[in-house]
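Have a look at the structure below before the remarks.
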Amino acid sequence: MSDISHLLSQPGNFAGLPSQHSDYKSSRVTVLPVPYDGTTEWHSGTRNGPRAIIEASYYLEWYDIELGKELHSMGIHTLPSIEPVMDSPEAMAERVYSAAKSLLDENKFIVMLGGEHSISYGSIKACTQKFADFSVLQLDAHTDLRDQYLGTKFGHGCVMRRALELCPVTQVGIRSMSLEEQEFINSRHLSPFIVDDNSLNLSHSDIIDSLSKNVYITIDLDVLDPSIMAAVGTPEPGGLGWNDVLSLLRAVAEKRKIVGFDLVELCPDQGPASCSFTAAKLTYKLIGYSFFVGM
Ligand SMILES: [Mn+2]
């Protein structure tokens, strides 16, 4: 058969990119869907997040007004989904770690789409082994610092406690935590950036000063205000706006090297379709910042 690939759409391909912009070998970015929600306790359904984000991404404009260019020149390849392990959160974390490690070994930039927040641990662990002078920036309404929850140390409420055992973590957008988590923060002298006065005047320089040279970003979509991001498992009022998040991410990209990121906790059944598009656009904008802004 003659080559008709240019006539065919690419189902399951982030941003609907044609093969010349999404071939695995030549792409620096790999989008890794992880449809897992084995430990969520209230609204489950984040397993449908990756598919919803990718389907919404077909409607993205490749051209970005802010950066003045199309953002796919580094190549963006979308991988098949990681098969969930449903009976053991720890085994699932190990599976994500193995996948992330192989991608980093091939010098790929990981963009992981969740799925619940627990999946971040595997990719953070792989990054700590690859990059020196490394830390994590977490955008989230919740600290996720419980030592264990519902019988596991690897659930989404514990993910940043596990990450902190590996590397420094800067938490931004926090507006809910348990007493146990507050006491842990006090005992470790951690300083999360808490949203508590409606001003949302988060100091970019304070946040950036707390980060290492190489930064992995984990975005729990509930960091956004529920008025623009209702489709999450555990919504929390008083969140950041779209421009708050973008201006922070751009400022980080200007001063630090972003080495990978994930976007988690989209629960498409809980909100309008605009939430999936917002998540897709945030993914695309952060790819753009990571490759075309600053360092
Ligand atoms: Mn979270």
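The values are calculated or read from the model by the stated rules, or taken from the named source; none is laboratory data. Fair warning: this is a prediction, and the values are worked out from it, not measured in the lab. Cβ placement follows ideal geometry from the backbone for every residue including glycine, while neighbour counts extend to all protein chains displayed.
Take GLY155 and tell me if it is in a helix (DSSP H, G or I), within 16 Å of the ligand (Cβ to nearest atom) and touching a residue at least 12 places away in the same chain (Cβ under 8 Å). No. Is it true that some residue in region 194-205 is touching a residue at least 40 places away in the same chain (Cβ under 8 Å), crowded, with 21+ Cβ neighbours inside 10 Å and of a type outside the set (Gly, Ala, Ser)? Yes, region 194-205 contains at least one residue that is touching a residue at least 40 places away in the same chain (Cβ under 8 Å), crowded, with 21+ Cβ neighbours inside 10 Å and of a type outside the set (Gly, Ala, Ser). When region 173-184 is filtered for residues that are in contact (Cβ under 8 Å) with a residue 12 or more places away in the chain and surrounded by fewer than 23 Cβ atoms within 10 Å (Cβ to Cβ), the ones remaining, listed by number, are ARG175, SER176, MET177, SER178, GLU180, GLU181, PHE184.
Candidates in region 158-194 are the residues that are in contact with a helix residue (DSSP H, G or I) (Cβ under 7 Å, 6 or more places away or on another chain) and of a type in the set (A, V, I, L, M); of these, the one that is farthest from the ligand (Cβ to nearest atom) is LEU166.
Considering every residue within region 214-234, establish whether at least one is aromatic (Phe, Trp, Tyr) and modelled with pLDDT of 95 or more. Looking through region 214-234, at least one residue is aromatic (Phe, Trp, Tyr) and modelled with pLDDT of 95 or more. Scanning region 229-243 for residues that are buried (at least 18 other Cβ atoms within 10 Å of the Cβ) and in a loop (DSSP other than H, G, I, E, B) turns up MET229, ALA231, GLY233, THR234, PRO235, GLU236, GLY239. Among the conditions (1) within 16 Å of the ligand (Cβ to nearest atom); (2) out of contact with any strand residue (DSSP E or B) (no Cβ under 8 Å at 6 or more places or on another chain), the only one that ASP225 does not satisfy is (2).
Being buried (at least 22 other Cβ atoms within 10 Å of the Cβ), under 20 Å from THR170 (Cα atoms) and aliphatic (A, V, I, L, M) is a property that does not hold for VAL259. Here the condition is being assigned to a loop (DSSP other than H, G, I, E, B) and aliphatic (A, V, I, L, M); of LEU263, LEU211, LEU246, LEU282, it holds for LEU211 alone. The residue of region 119-152 that is farthest from the ligand (Cβ to nearest atom), among those that are of a type in the set (D, E, K, R) and more than 22 Å from LYS108 (Cβ to Cβ), is ASP147. Restricting VAL245, VAL252, VAL293, VAL264 to those that are of a type outside the set (Gly, Ala, Ser), within 18 Å of GLY115 (Cβ to Cβ) and touching a helix residue (DSSP H, G or I) at 6+ places or on another chain (Cβ under 9 Å) reduces the list to VAL264.
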